[in-house]
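Here's the structure, in structure tokens; my notes come after.
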Amino acid sequence: MFKGKMKAIVKHHRGYGAEMQDVNIPEFREDEVLIKVNMASICGTDIHIYTWDKWSQGRVKPPYVFGHEFSGEVVEIGSNVANVSIGDFVSAETHIVCGGCRQCLTGQFHVCKHTTIIGVDTHGCFSEYVALPAKNLWKNPIDMPPDIATIQEPMGNAVHSVLAGDVLGKTVAIIGCGPIGLMAVAVAKAAGADKVIALDINDYRLQLAKKMGATHLIQSNKEDPLGIIQRLTNTDGVDVVCEMSGNPAAIDQGFKMATNGGRVSILSLPAQPVTLNITEDIVFKGLTVQGITGRKMFSTWQQVSSLLGSGKVDLRPMITHRFSLSDFEMGFDLMIKGQSGKVLLIP
């Protein structure tokens, strides 16, 4: 049995920041496993929690260990676990679902009414060990690099957003080039999009988007996004908009740049209500508007695994920084300043 203390990043108070603490190695139930964390990565949700924004103030309950993106090795299993074994190399679906609500019973686990999220509502993976339900684990190919295995969960968000409709031969706009936006660029390109237009106010991240396959870059605070889109599409507008920024002005622009009959898929979490011209920009244009949450279990994971295994998507260019777990503040600072792609933390 693994007992004793471990290092962990703890959201220790209802305020800005976090701190490294020695905490107990977690106990686990009969349907759970204990995992030794090889790597973890910082997500936009972790930034919300770290900076203690309005969303996190209403959702999370410190003190607790946060973080949810990781890869690791199963080191102990509960008595009722049959789907994984000690030594398996795993990542995790981070949405824990009830299995009994109407949505779960009809196979829509990703919109379970009683979802809890690892590292948000429960203890997470910014630690040396994490205990999780065995049903949430995804077994990785043994030869998959740990850094790539660690970021499959956010790639699933990108895959779910981009492939929520047809993109083959279409013009796709990715608004917001944080890590998931960068992954969405690569997924859209791999899925056969004709043009992949990346929009952001941060030139550093736009250059990463170019490395990930964007065909056109728009720096929204220095250029006219709608004017450029009109020129690039011969005044038609874009077929698919994937909104990853959460910025109210950018969201409004996204609806305006979409072509009649187009699709807008929204993954971002705006921190405040957003004003839209629903009549002109949605109804009269006949848009399909989708809220994207999580990943479809586990079909999205299979798509992620196939895209990575086939080599059609290469995530390496967007992994820009690696820090030891104890240097987590450096990683968070870079993410907050927008001067990074994906940041990995290594226990």
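Side notes on the structure shown:
- Screening region 292-318 for residues that are open to solvent by less than 20 Å² (accessible area, probe 1.4 Å) and hydrophobic (A, V, I, L, M, F, W, C) and picking the one that is farthest from PHE66 (Cα to Cα) gives VAL313.
- Within the option set LYS296, LYS285, LYS256, LYS312, being touching a strand residue (DSSP E or B) at 6+ places or on another chain (Cβ under 7 Å) and not hydrophobic (A, V, I, L, M, F, W, C) holds for one residue only, LYS285.
- Of the set (1) open to solvent by 30 Å² or more (accessible area, probe 1.4 Å); (2) more than 25 Å from ASP143 (Cβ to Cβ); (3) polar (S, T, N, Q), all apply to ASN38 but (2).
- Subset of region 4-19 [under 11 Å from VAL65 (Cβ atoms) and more than 24 Å from the chain's Cα centre (by Cα)]: MET6, LYS7
- Only one entry in THR259, THR275 is of a type in the set (Val, Ile, Thr), open to solvent by 40 Å² or more (accessible area, probe 1.4 Å) and modelled with pLDDT of 95 or more, namely THR275.
- Residues (open to solvent by less than 50 Å² (accessible area, probe 1.4 Å) and polar (S, T, N, Q)) located in region 319-347: THR320, SER324, SER340
- Residue satisfying all of: in region 277-306; touching a helix residue (DSSP H, G or I) at 6+ places or on another chain (Cβ under 6 Å) and of a type in the set (A, V, I, L, M); nearest to LYS189 (Cα to Cα) among these: VAL304
Okay, residues lined up against (1) farther than 23 Å from ILE292 by Cβ; (2) of a type outside the set (A, V, I, L, M):
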residue	(1), (2)
ASN83	yes, yes
GLY99	no, yes
SER127	yes, yes
VAL130	yes, no
ILE148	no, no
VAL159	no, no
LEU163	no, no
GLY169	no, yes
ALA173	no, no
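- Within region 162-236, helices (runs of 4 or more DSSP H) holding 2 or more residues that are over 22 Å from the mean Cα position of the chain (by Cα) and surrounded by fewer than 24 Cβ atoms within 10 Å (Cβ to Cβ): 225-232
- Top-ranked residue of region 3-23 - restricted to ones that are in a loop (DSSP other than H, G, I, E, B) and open to solvent by less than 80 Å² (accessible area, probe 1.4 Å), ranked as farthest from LYS54 (Cα to Cα): GLY4
- Close Cβ contacts (under 6 Å, 6 or more residues apart or on different chains) running from residues in region 164-188 that are closer than 25 Å to THR45 by Cβ to residues that are open to solvent by 10 Å² or more (accessible area, probe 1.4 Å) and hydroxyl-bearing (Ser, Thr, Tyr) comprise ILE175/SER245; GLY176/SER245.
- Checking each residue in region 262-272 for being in contact with a Lys or Arg (Cβ under 8 Å, 6 or more places away or on another chain) and buried (at least 16 other Cβ atoms within 10 Å of the Cβ) picks out only GLY262.
- Looking at region 51-161, none of the helices (runs of 4 or more DSSP H) lying wholly inside it contains 3 or more residues that are in the same structural domain as GLY331 (by the TED database), surrounded by 21 or more Cβ atoms within 10 Å (Cβ to Cβ) and among the polar types (S, T, N, Q).
The values are calculated or read from the model by the stated rules, or taken from the named source; none is laboratory data. As the structure is a prediction and not an experimental result, all values here were calculated from the model. Using ideal geometry, Cβ is built from the backbone for each residue, glycine included, and neighbour counts are taken over all protein chains shown. To get the accessible areas, we keep the full protein, side chains included, count just its heavy atoms, and leave off ligands, DNA and RNA. Shrake-Rupley method; radii C 1.70, N 1.55, O 1.52, S 1.80 Å.
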